[in-house]
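Read the structure below first, then the notes.
The values are calculated or read from the model by the stated rules, or taken from the named source; none is laboratory data. Just so we're clear, the structure is a prediction, and the values are computed from it rather than from any experiment. Cβ: placed from backbone, ideal geometry, glycine included. Neighbour counts: every protein chain shown. All accessible areas refer to the heavy atoms of the entire protein, side chains included, with ligands and DNA or RNA removed. Shrake-Rupley method; radii C 1.70, N 1.55, O 1.52, S 1.80 Å.
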Amino acid sequence: MATKDSSQKLRKDNLLTGSAWITVSGIVSRALSALYVIPWNIWMGSAAVVASANALYGKVYHIYDFFLLVSTAGLPSAISKQISHYNALGEYEAGNQLFKQAIRVTAIIGVLFGAFMYFGADVVAALFTNSDPRSIPAIRALAIAVLILPTLSIMRGYFQGYGQMGPSAISMMLEQLARVAYMLAITYIIMQIQRGNYVDAVTKSTFASFIGAAISVLYLLTCFARQHQHLAELAHTGSHKIHFTAQDFTKEIFLQAIPFIIIDSAVTIFNLFDQATFNPMMQSFLKISQQQLDYYYSLFGFQANKLMMVAVSLATGIVSSAIPLVASLYTSKDTSKITQQIINILRLFGFFMLPATLGMWAVSRPLWGAFYGFDQLGIKMLRFSCLVALLIGLFMVLAAILQALYRNNLAIKYLLIGFGFKVIIQWPLVYWLHEYGPLTATVLALILICYLMLHRIYCLYPFNLKQLISQNLSKILLAAVIMAMVVWGVDIFLYTVTAKIGRILSAVYLLLEVVIGAGIYGYLTLKFRWLDQNLGLDAQRWRRWLHLK
């Protein structure tokens with residue numbers, strides 16, 4: 001009985017509350033990661049220096065993301081999936097042994113990848129930045145963070161395996177707060193006080209990743225200390241039928257993590273491919289300066305990308321909660337509940353991602369203006385990126401479902417097909433659409449991948465797709481479209497009556513349009529009870545408070 005009570009206490013988050021934790025954390029983290037750009041760009045200096053700094057920062061961070069994903073990205077999801085699996089069997093001690101071995105393995109991984117980044121920085125720069133000498137010191141600064149991030153990811157995955165998203169969510173927010181605070185402080189000192197150069201400021205800014213990771217690790221250690229008694233009780237009173245060696249657990253870690261690493265690396269791989277090929281492709285048919293290339297790449301590869309990833313963070317919350325839940329149901333072989341959970345996940349995705357991406361499209365002008373200053377091409381890039389964000393989110397959710405159902409090979413197969421398709425169509429699209437080419441290739445590749453994944457999930461666990469679309473997704477889409485059209489109309493009016501709009505006024509307009517959009521979407525989903533249908537909530541109290549029938 002004690003085991004059951006402790007288990008229920010630990011596994012207190014369901015799909016909605018777990019998603020809420022990770023979603024809020026993701027939005028806050030992404031928002032901080034985007035908001036720092038405003039003072040960071042101002043302190044950098046002229047528009048030309050800002051473009052070069054953004055391009056350099058974007059390039060080295062795509063490299064960092066790649067190494068981070070290869071060394072850590074699959075681990076939280078893989079560990080949470082397996083611990084959830086063992087917990088469903090009552091084998092809590094086996095989960096603990098898996099976690100301990102994972103800590104040992106990731107410590108070694110961190111040292112290996114960190115050393116490779118640091119001592120092989122010139123090789124890495126040659127592969128991904130066309131041997132740009134400016135990138136080498138920044139790559140080395142980022143290598144320090146890679147030392148501890150694999151271990152950090154395992155700690156987050158352990159809590160997620162117990163259905164607890166709170167510790168992971170708070171640790172991510174603390175990581176971003178510390179990172180952004182350090183970045184802004186060091187940039188101000190170098191550029192405003194010392195009057196230094198932007199390369200040095202970018203290099204020192206990248207070291208902030210280590211500061212954030214260290215703060216996050218310390219917080220999670222306190223969480224472990226607080227829950228030690230409950231975890232020990234579960235391990236002592238649970239089943240002890242599974243007996244694995246350290247070698248068995250190591251094998252299991254890699255077998256489960258590698259597919260997650262490949263899938264989670266997809267977006268970064270796409271970005272790195274764009275980064276490595278954009279300049280050569282553009283220069284193959286255009287006479288264009290390096291400064292102009294930096295400008296174009298900065299727009300879609302860094303600035304628009306950073307803003308659209310705020311919307312993508314909504315899908316991250318759904319994914320983090322869905323994997324342990326579906327994996328646990330798969331262990332119990334409950335087909336009907338698996339099917340219902342898949343429907344719930346897709347409804348949850350539509351409820352949040354459709355208004356988020358359409359809303360971002362509607363407020364693109366003040367959003368870009370507040371962060372980067374007015375740039376017509378940048379605004380167009382951001383609007384196009386909203387479609388990319390929606391497809392990335394859908395890809396993440398569908399891939400997570402397949403992986404939770406132990407169909408890792410299918411998820412990887414469809415990703416490889418889609419990436420191969422992008423490689424084939426990229427150059428013709430860059431030739432035809434110039435700076436829009438890479439994003440267009442990504443959109444078409446993601447559409448292909450998502451179709452293949454959704455079709456396979458439907459074949460494995462058939463559900464009434466027409467009913468899902470007609471009764472849920474179509475209504476949410478209608479509400480989101482109405483909201484976006486009204487906000488877009490307000491945006492046109494505001495920019496028509498105002499002659500000159502700077503960053504401050506853009507921020508005011510952005511806040512106003514977001515409030516209007518949220519109010520409209522909230523009103524429609526409450527009025528017609530779409531909130532209740534999609535999230536499984538009883539929102540009658542809110543309707544009474546707002547005097548809605």
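The modelled label-to-label distance between Leu512 and Leu218, using points 7 Å beyond Cα along the C-beta direction, is 4.3 nm. Accessible surface computed residue by residue for the range 343-403, with neighbouring protein chains in place and a 1.4 Å probe, gives 23 Å² per residue. For the residues Leu454, Leu354, Leu56, a 1.4 Å probe over the protein chains yields an accessible-area ranking, largest first, of Leu454, Leu354, Leu56. The residues of the range 168-237 have, on average, 46 Å² of accessible surface per residue, using a 1.4 Å probe with all protein chains present. Determine the shape class of the range 322-467: with a ≥ b ≥ c the square roots of the Cα gyration tensor eigenvalues, call it rounded for a/c under 1.5, and otherwise prolate if a/b is greater than b/c, oblate otherwise. Because a/c hits 1.5 or more and a/b fails to exceed b/c, the range 322-467 counts as oblate. For the residue pairs Lys59/Lys422; Lys422/Lys466; Lys287/Lys380; Lys380/Lys475, the C-alpha atoms sit more than 25 angstrom apart in Lys422/Lys466; Lys380/Lys475.
Using a 10 Å cut-off on Cβ atoms, rank the peptides 397-407, 456-466 from the highest mean neighbour count down.
For the peptides 397-407, 456-466, the packing ranking is 397-407, 456-466.
Using only side-chain charges placed at the Cβ, +1 for Lys and Arg and -1 for Asp and Glu, the dipole size of the range 352-468 relative to its Cα centre rounds to 280 debye.
Annotation for the range 136-210 versus the range 370-421: alpha-carbon center distance of 24 Å.
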